[in-house]
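Structure first, commentary second.
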């Protein structure tokens, strides 16, 4: 079986396409044959060492596939079931693997393998952002950075379905139309426009109650300036680098603001929370209110190229690796 492994941290060049041996599934595990694998920015953090992993390591957090073997104690799944996952032990960049059954969700016929691989981690992230970290209310206006990215396209559609208006930022004129087509009420091209001024204009000077910021270093200060008093900044990613330490007095001076740094794992650590989150995602996609469009496909062997393109912001929406 082929898989991506790395034995030192660094750039995309550290990724190796190698032969691996797959053991029998342990108790509570199933063996999967992957059909599609999701690409996510968190993969680049783990590869670079920003999120340290024991080395040597596999990579990848999200995939879809078919169950080929059952370990002991498995209930609710059978050989041949189509399943997907978006949280759990890393190692999705492989033709197959063993995986905990309690971290899997069955796929309906209406959701393709590629869609599932492109939606699980990103879609469950959107679910906790909208329904748990800050429970959005119908009629609110919120700000989301990188609205043409994989998480952004799901976020804007889901928020619109909940009656929430999204102001989205994008990094180029070409991405404006993409963000608008996926539910953004307003789109700001940060390469040409003043984000804070535009947000204040759109909200008639009030600012927004919450900013969802997966970009980090290059945007967090402007994110704070876009908030209304007692607003919440949700920094859920570091696409431009990690947010540095800053004086908490800044939050007071800008209106008694709140800041949080959530991760998906903490919102789905319990099986019940995982099941509720995955079910809500599958249901919203089944309803047609959120459409998962795969905009890029790479062979698994070309994972390094996929990482290069992702970090250079040459991708939009969801990207999958095909084993």
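The values are calculated or read from the model by the stated rules, or taken from the named source; none is laboratory data. This one's a predicted model, so the numbers in the text were calculated from it and none came from an experiment. A quick note on method: Cβ atoms are made from the backbone with ideal geometry, for glycine too, and the neighbour counts reach across all protein chains shown.
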Exercise for review: Output the number of the condition that residue 19 fails; it satisfies all remaining conditions of (1) touching a strand residue (DSSP E or B) at 6+ places or on another chain (Cβ under 7 Å); (2) free of Cβ contacts under 8 Å to residues at least 12 places away in the same chain.
Suggested key: (2)
Exercise for review: For the range 93-111, enumerate the residues that are surrounded by 17 or more Cβ atoms within 10 Å (Cβ to Cβ) and closer than 17 Å to residue 286 by Cβ.
Suggested key: 105, 107, 111
Exercise for review: Only one of these is over 16 Å from residue 4 (Cα atoms), in a strand (DSSP E or B) and touching a residue at least 60 places away in the same chain (Cβ under 8 Å): 66, 30. Name it.
Suggested key: 30
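Within the range 247-255, does at least one residue satisfy the condition of being surrounded by 12 or more Cβ atoms within 10 Å (Cβ to Cβ), out of contact with any helix residue (DSSP H, G or I) (no Cβ under 6 Å at 6 or more places or on another chain) and under 20 Å from residue 167 (Cα atoms)? Steps first, answer last, please.
From the range 247-255, those surrounded by 12 or more Cβ atoms within 10 Å (Cβ to Cβ) are 250-251, 254-255; that's our starting set.
Narrowing further to those that are out of contact with any helix residue (DSSP H, G or I) (no Cβ under 6 Å at 6 or more places or on another chain): 250-251, 255.
Checking which are under 20 Å from residue 167 (Cα atoms) leaves us with none.
Among the residues of the range 247-255, not one is surrounded by 12 or more Cβ atoms within 10 Å (Cβ to Cβ), out of contact with any helix residue (DSSP H, G or I) (no Cβ under 6 Å at 6 or more places or on another chain) and under 20 Å from residue 167 (Cα atoms), which makes the answer no.
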Practice item. Could you grab me the full set of residues in the range 215-235 that are within 24 Å of residue 39 (Cβ to Cβ) and crowded, with 20+ Cβ neighbours inside 10 Å? Key: 215, 216, 219, 234, 235
Point to revise | Hits in the range 160-194 - residues which are assigned to a helix (DSSP H, G or I), touching a helix residue (DSSP H, G or I) at 6+ places or on another chain (Cβ under 9 Å) and farther than 21 Å from residue 295 by Cα | key: 161
Review point. Taking residue 127, is it outside any loop (DSSP other than H, G, I, E, B), buried (at least 18 other Cβ atoms within 10 Å of the Cβ), on the phi < 0 side of the Ramachandran plot and not assigned by TED's automatic domain parsing to the domain that holds residue 20?
Key: yes
Exercise for review: Considering only the range 195-213, state which residues are free of Cβ contacts under 8 Å to residues at least 24 places away in the same chain and in contact with a helix residue (DSSP H, G or I) (Cβ under 9 Å, 6 or more places away or on another chain).
Suggested key: 206
Practice item. Name the single residue, out of those in the range 216-252 being free of Cβ contacts under 8 Å to residues at least 24 places away in the same chain and assigned to a helix (DSSP H, G or I), that is nearest to residue 145 (Cα to Cα). Key: 220
Point to revise | Condition met for residue 204 (part of a helix (DSSP H, G or I), modelled with pLDDT of 95 or more and surrounded by fewer than 14 Cβ atoms within 10 Å (Cβ to Cβ)) | key: no
Review point. If you go through the range 131-159 one residue at a time, how many are touching a strand residue (DSSP E or B) at 6+ places or on another chain (Cβ under 7 Å) and part of a helix (DSSP H, G or I)?
Key: 7
Practice item. Give me a count of the residues in the range 253-293 that are part of a helix (DSSP H, G or I), touching a strand residue (DSSP E or B) at 6+ places or on another chain (Cβ under 6 Å) and free of Cβ contacts under 8 Å to residues at least 60 places away in the same chain. Key: 0
Check your understanding: Of these, 195, 215, which one is in the same structural domain as residue 177 (by TED's automatic domain parsing) and either on the phi > 0 side of the Ramachandran plot or in contact with a strand residue (DSSP E or B) (Cβ under 6 Å, 6 or more places away or on another chain) (or both)?
Key -> 195
